[in-house]
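Here's the structure, in structure tokens; my notes come after.
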Amino acid sequence: MKDFLKTIFTDAGEHRNYLKILFTKTSKHAIIPTYAKDGDCCCDLYAIEDVLIKSNQRVLVDTGIAIELPSGFEAQIRPRSGNAWKHGITVLNTPGTIDEGFRNSLKVILINHSNKDFLVLRGDRIAQMKFSPVYTGVFVEVDSLSSTERGIDGCGSTGR
């Protein structure tokens, strides 16, 4: 088994896969990403600075963490549901993609969709990060594609 991927089996036969993520702190205020509960698929990312996000404004918030992903993996940056529901704060380019070759500090584009300003404080959880395998497409040109029930119908074609 690859040294960056570890599968652990419990007495009940359940298994968990663990991916080793190398990281550095780019700020003394950085907080190592954490999982809120055992079994969560995303870890929380924390702000290293106080940032006021005005209504309908977008900001770039630094986490102070740089990561090194194993070959064949990406990290996806996603909103925190509580911030989205309670305050209208979300990640603008959801999901944000961190490619395996990126080595700079992770920064999150947050947008305030509410009509109230929102203050992010240093140490607040601002987003979630999920690790996923990457598949590289090999494009093969053909004369035609197979037919399906949906066919070429697009946006809104299946109704409400």
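Could you tell me which residue of the range 85-95 is nearest to the chain's Cα centre (by Cα), considering only residues that are among the hydrophobic types (A, V, I, L, M, F, W, C) and either more than 24 Å from Ile67 (Cβ to Cβ) or assigned to a strand (DSSP E or B) (or both)? The qualifying residue nearest to the chain's Cα centre (by Cα) is Val91. If I filter the range 47-64 for residues that are basic (Lys, Arg) and surrounded by 11 or more Cβ atoms within 10 Å (Cβ to Cβ), do I get at least one hit? Yes, the range 47-64 contains a residue that is basic (Lys, Arg) and surrounded by 11 or more Cβ atoms within 10 Å (Cβ to Cβ). Answer with yes or no whether Lys2 is at pLDDT 85 or above, basic (Lys, Arg) and surrounded by 10 or more Cβ atoms within 10 Å (Cβ to Cβ). No, not satisfied. Take Asn93 and tell me if it is loosely packed, with under 14 Cβ neighbours inside 10 Å, in contact with a Ser or Thr (Cβ under 6 Å, 6 or more places away or on another chain) and at pLDDT below 95. Against the criterion (loosely packed, with under 14 Cβ neighbours inside 10 Å, in contact with a Ser or Thr (Cβ under 6 Å, 6 or more places away or on another chain) and at pLDDT below 95), Asn93 does not qualify. For the subset of the range 60-79 comprising residues that are more than 15 Å from Lys107 (Cα to Cα) and assigned to a loop (DSSP other than H, G, I, E, B), which member is nearest to the chain's Cα centre (by Cα)? Top of the filtered list is Leu69.
Please work out if Ile152 is over 30 Å from Leu19 (Cα atoms) and of a type in the set (A, V, I, L, M). In short, yes. Among residues of the range 43-57 that are among the basic types (Lys, Arg), those with a beta-carbon under 7 Å from a residue that is part of a strand (DSSP E or B) at least six positions away or on a different chain give the pairs Lys54/Asn112. Residues in the range 96-117 that are assigned to a loop (DSSP other than H, G, I, E, B) and not hydrophobic (A, V, I, L, M, F, W, C): Asp99, Glu100, Gly101, Arg103, Asn104, Ser105, His113, Ser114, Asn115, Lys116, Asp117. Can you pull out every residue in the range 37-59 that is in a strand (DSSP E or B) and closer than 23 Å to Ile21 by Cα? Those that are in a strand (DSSP E or B) and closer than 23 Å to Ile21 by Cα: Cys43, Asp44, Leu45, Tyr46.
Restricting the range 114-143 to residues that are more than 19 Å from the chain's Cα centre (by Cα) and in contact (Cβ under 8 Å) with a residue 40 or more places away in the chain leaves a set whose member that is surrounded by the most Cβ atoms within 10 Å (Cβ to Cβ) is Phe118. Between Ile126, Ile77, Ile98, the distinction of being under 20 Å from Ile32 (Cα atoms), modelled with pLDDT of 95 or more and in contact with a Gly (Cβ under 6 Å, 6 or more places away or on another chain) belongs to Ile77 only.
The values are calculated or read from the model by the stated rules, or taken from the named source; none is laboratory data. None of the values given here were measured: they were computed from a predicted structure. All Cβ positions, even for glycine, are placed from backbone atoms using ideal geometry, and neighbour counts span all protein chains on display.
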